[in-house]
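Student: Pasting in a structure now, in structure tokens, and then I'll have a few things to ask.
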Amino acid sequence: MFSARNGSGIFRAVRLPHCKSRSVSRASPNLTFVPACLPPDPAEVEELQRFVSNSKRLFVMTGAGISTESGIPDYRSEGVGLYARTDRRPIQHAEFVRSASARQRYWARNFVGWPQFSSHQPNKAHLVLRDWEKLGKLHWLVTQNVDALHAKAGSQRMTELHGCIHRVFCLACGDRILRSELQEHFEALNPTWKAEAFGVAPDGDVFLTDEQVRNFRVPACRKCGGILKPDVTFFGDTVSQEKVSFVHQRLAESDSMLIAGSSMQVYSGYRFALAAREKKLPIAVLNIGPTRLDHFASLKLNSRCGELLPLIVCT
Ligand SMILES: [Zn+2]
């Protein structure tokens, strides 16, 4: 399912990790899952400022990197992402649909992780993008994240490309409920079931053994008895053509593209970067580490979203 495109390579503000004038830090506990990096340097701030000032209708796409500063780990960051730290991989769509035991395992782990996962709050980067929308700078925001942090920040001109873990729907009849409501059903069905939560993933998943999962009971759809699934595009599934077309339309109305906190490895997001390159839009990439569009981005910045974006003056 997942994945992008580019511009002319004018600026490349890639800074060297051994620069001695600024120290690498991971000060707050919330930054546990943020890759180490240097604070923004003035040249980088100036370049992004110029990019944003020149834009009148900015199209922004965000990924897991914008939420790591809210305490949510990503999958791919070097050293701190789940792929690097663990052997955990996200559930596949076909496995979820096909296997009752896979669903039982998914929901048991999701049930345990929910109280912590649902408590995460937007950080400065989410708030800046919300403000840019209010100021008329941001034309449309597309996020690949399912954590609802942009919605919690108050963004409205936004598409959640891969859905949102806070919503659940029935695969048979389409009935929708809030994930928080489902938590109550889980508790009612499993009054004595207990398991420890640790290491919550970007989709609310946690580690549990098969032994712990075995007795967990999963509710069916209240209307038809069908299978309940998070309103999230799992790996192996595709984003609906209607949603893809809608995002392409918003991109066509925009005059520049900013990628924030994504390596754009997943095609469902990457295709919009490719479309922006075809339209010859300027593209700025703000991400710690390499991305799939570094070779065609107009500007590449290696900073934390929550540190660099608040330094940009939006008028
Ligand atoms: Zn149903």
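Student: I need the helices (runs of 4 or more DSSP H) fully contained in the range 93-134, keeping only those with at least 3 residues that are polar (S, T, N, Q).
Tutor: Fully inside the range 93-134 and qualifying: 100-117.
Student: Restricting the first residue to the range 103-117 and requiring it to be of a type in the set (S, T, N, Q), which pairs with a second residue that is surrounded by 23 or more Cβ atoms within 10 Å (Cβ to Cβ) and in a helix (DSSP H, G or I) meet a Cβ separation below 9 Å and a spacing of at least six or different chains?
Tutor: Partner pairs satisfying both residue conditions: 110/117.
Here, each number is a calculation from the coordinates, and none is a lab measurement. All values derive from a computational prediction rather than experimental measurement. Ideal geometry is used to build each Cβ from the backbone, glycine not excepted, and the neighbour counts take in all protein chains shown.
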